[in-house]
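Peer 1: Here it is: the structure, laid out below.
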Amino acid sequence: MRVPDVLYRFYENSLARGLSGDKLPHHVGVLVDGNRRWAKLAGAPTAHGHQAGADKIVEFITWCEELGIKVVTLYMLSTDNLNRSSSELEQLMGIIGNTVDRLGESKRVRIQPVGAKDLLPAELSEKLAQLAEETRSCDGVHVNVAIGYGGRREIVDAVRDFMLEASAAGKSLDVAASEIDVDAISRHLYTKGQPDPDLLIRTSGEQRLSGFLTWQSAYSEFYFCEALWPDFRRVDFLRALRDYADRQRRFGS
């Protein structure tokens, strides 16, 4: 091993040792951004960048397992991304399908799709539903795969579900309107029953959320990393966790 590699490993291990378990986030959301730019810089086809990003997702989940992160939400495909060319989307859907299969093969990860399933190809939608059922009892990292996801769409769907539930219970519009509140919306989100994300990480240097967990991120801490997602290293993740641990969360106060 070269000297720079030895120093790098020493630094990485030092970062990991310095993290206190009680200061780690319970739920981490990640905007896995930069796959297409990575491919362009490498002079490679776009699909090559998506595949490199998929490989990084599998690696990233192992880091979370090692560190004891309980819940991870991965922003893999937004509703806006569905406007891309049909050829790119076809390749991307195949890569996403293979990636969730790889995660499911570990028999340790619980997979939960979050997004508008009706916007996805039937084959992928069925695969996600099957993996969710097959991994339901897994007690490892709970991985939300945000595919066909949009934060505004999620809120609209939550309100719609609440109103349909009220209607099915025979409630009038006035009664339903009087009962709607923050808790009512939260109970109908794609992530219902889960803790809101403590930390959101976005790669590629962009500093916006792009509709990711719009409702749930009200009190999340944000961390923006310059690395493109395929280049995101374990040391970059450890730095994000150290930065989070050093912050004093105020929750709006």
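Peer 1: With +1 on each Lys and Arg Cβ and -1 on each Asp and Glu Cβ, and nothing else charged, work out how big the dipole of the chain is about its Cα centre, in Debye to the nearest 20. Mind dumping the intermediate values first?
Peer 2: Details: 32 positive and 36 negative charges, 135 e Å.
That gives a dipole near 640 debye.
Peer 1: Can you run phi through the Karplus equation (6.51, -1.76, 1.60; θ = phi - 60°) for region 197-206 and list ³J(HN,Hα) in whole Hz, with x for Gly and Pro?
Peer 2: x, 7, 9, 10, 10, 10, 8, 5, x, 6
Peer 1: Quick one: what are the phi-derived ³J(HN,Hα) couplings along region 222-238, Karplus 6.51/-1.76/1.60 with θ = phi - 60°, whole Hz, x for glycine and proline?
Peer 2: Calculated HN-Hα couplings, in order: 10, 9, 10, 10, 6, 5, 5, 3, x, 8, 5, 9, 4, 5, 5, 5, 4 Hz.
Peer 1: Same structure again: Just to make sure I understand: if all protein chains stay in place, what is the order of Trp63, Trp38 by accessible area at 1.4 Å, largest first?
Peer 2: On the way: Trp63 15, Trp38 55 Å².
Solvent-accessible surface, decreasing: Trp38, Trp63.
Peer 1: Report the gain in length on full extension from Ala169 to Ala132: 0.36 nm times residue separation, minus Cα-Cα distance, nm rounded to one decimal.
Peer 2: This chain segment gains 10.5 nm when fully extended.
Peer 1: Which far-off residues, 5 or more places away or on another chain, put their amide H under 5 Å from the one on Gln112, with H placed in the peptide plane?
Peer 2: Val143, Asn144, Val145
Peer 1: Answer with one residue from Leu199, Ala132, Ser87: the one whose Cα lies farthest towards the positive end of the charge dipole of the chain, charges on Cβ with Lys, Arg +1 and Asp, Glu -1.
Peer 2: Leu199
Peer 1: Return the percentage of antiparallel bridges among DSSP beta bridges fully within the chain, rounded to the nearest 5 %. Let's see the in-between values first.
Peer 2: Values: 0 of 25 bridges.
Once the DSSP bridges in the chain are tallied, antiparallel ones form about 0 percent.
Peer 1: Within the chain, how many Lys pairs that are eight or more residues apart, or on different chains, come under 19 Å at the alpha-carbon?
Peer 2: Number of lysine pairs found: 9.
Peer 1: Please find the FRET efficiency linking Val6 to Phe222, where r is the Cβ-Cβ separation and R0 is fixed at 35 Å, and quote it to the nearest 0.05. Numbers along the way, then the final one.
Peer 2: On the way: r = 33 Å, r/R0 = 0.95.
The calculated FRET efficiency here is 0.60.
Peer 1: Based on the alpha-carbon gyration tensor of region 1-94 and its eigenvalue square roots a ≥ b ≥ c, which shape applies: rounded if a/c is under 1.5, prolate if not and a/b is larger than b/c, or oblate?
Peer 2: Taking the square roots of the gyration eigenvalues as a ≥ b ≥ c, region 1-94 is oblate.
Peer 1: Put +1 on the Cβ of every Lys and Arg and -1 on every Asp and Glu Cβ in the chain; which of Val156, Asn144, His26 then has its Cα farthest towards the positive end of the dipole?
Peer 2: The one lying farthest along the dipole's positive direction is His26.
Peer 1: Quick check: convex hull of the Cα atoms in the chain, volume per residue, rounded to a whole Å³? Don't jump to the answer; show the numbers that get you there.
Peer 2: Numbers: hull volume 37.9 nm³, N = 253.
Here the figure is 150 Å³ per residue.
Peer 1: R0 = 25 Å: FRET efficiency of Ser106 with Arg37, Cβ-based, nearest 0.05?
Peer 2: 0.30
Peer 1: Another one. Compute the FRET efficiency between Arg247 and Thr214 as 1/(1 + (r/R0)^6), taking r as their Cβ-Cβ distance and R0 = 25 Å, and round to the nearest 0.05.
Peer 2: 0.70
Peer 1: So what are region 116-208's ellipsoid semi-axes, whole angstrom, largest first, if each one is the square root of 5 times an eigenvalue of the alpha-carbon gyration tensor?
Peer 2: Equivalent ellipsoid of region 116-208: 28, 19, 15 Å, largest first.
Peer 1: In addition: Fully extended, how many nm does the chain gain between Glu88 and Glu65 (0.36 nm per residue separation, minus their Cα-Cα distance)?
Peer 2: Extra length from Glu88 to Glu65 when fully extended: 5.1 nm.
Peer 1: Can you order the peptides 141-150, 154-163, 117-126 by their average number of other Cβ atoms within 10 Å per residue, highest first?
Peer 2: 141-150, 154-163, 117-126
Peer 1: Also, quick follow-up: Please compute the length gained on full extension between Asp236 and Leu15, using 0.36 nm multiplied by the number of residues separating them and subtracting their Cα-Cα distance. If you can, show how the numbers build up before the last one.
Peer 2: On the way: separation 221, 0.36 × 221 = 79.56 nm, distance 1.02 nm.
Additional length available on full extension: 78.5 nm.
Peer 1: Based solely on its DSSP helices, what 222 nm [θ] is calculated for the chain when runs of n ≥ 4 H residues each add -39,500 (n - 2.57) and the sum is averaged over all residues, nearest 500 deg cm²/dmol?
Peer 2: Helix contribution divided over all residues of the chain: -15500 deg cm²/dmol.
The values are calculated or read from the model by the stated rules, or taken from the named source; none is laboratory data. What you see is a predicted model; the values in this text were computed from it and never measured. Note that we place each Cβ from the backbone using ideal geometry, even for glycine, and neighbour counts take in every protein chain shown. Areas reflect the complete protein model, heavy atoms only, side chains present, ligands, DNA and RNA absent. Shrake-Rupley method; radii C 1.70, N 1.55, O 1.52, S 1.80 Å.
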